[in-house]
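Read through the structure below, which is laid out as C-alpha cells, and then see the notes.
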Amino acid sequence: MKTLKFSFEHPVRGKLRFRPLSEQTNASICRRFDTGVSTDLTVALRGLEAGNWELTLEWEYEERNYHYQHTFEIGEVNNGLFGLTRYAKASLFHNRRPLHAINR
C-alpha cells in the first residue's frame, strides 16, 4: 500500500484534505488524523486514483494554527498479466544462452 510519511516535533491531531490536481473536478477527500503519543504520521493513499494530488494538513499546537501543503503524484499500477509478460520477455532477450543450456 502506498503511503506518505510525516514526522513532527510533537504529537499532533488535526485534519487532512486530498485534492486532485489532474482532474476537472474540485471534489476533495477529507480525513481526520491523530498521532497519539507518537510524532510520526503515516497517511495511507488508498482510494486515491492515479494522477497529481495536493495534500493539505491543518493542526493546532499550543494555541497556534499550522498549515502544510504537499503535492505528489500517484502512478498507474499494472498488476495484470501483460506487465508480467513484458517483464518476462525482456528478461529472455537479455539471456545469453537458451533456457535449456547446461553450464559446462
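Bear in mind that the values in this text are calculations on the coordinates, not laboratory data. Treat the numbers as computed from the prediction; the structure is a model and nothing was measured. Cβ atoms come from the backbone with ideal geometry, glycine included; neighbour counts cover every protein chain shown.
Rounded to two decimals, what is the ratio between the C-alpha radius of gyration of the stretch 3-78 and 2.2 N^0.38 Å?
1.17
Applying 1/(1 + (r/R0)^6) with R0 = 30 Å to the Cβ-Cβ distance of S7 and A50, what FRET efficiency is obtained, to the nearest 0.05?
After rounding to 0.05, the efficiency reads 0.70.
Students often check this: by mean Cβ neighbours within 10 Å, which of 15-21, 42-48 ranks highest, and how do the rest follow?
Packing order, densest peptide first, comes out as 15-21, 42-48.
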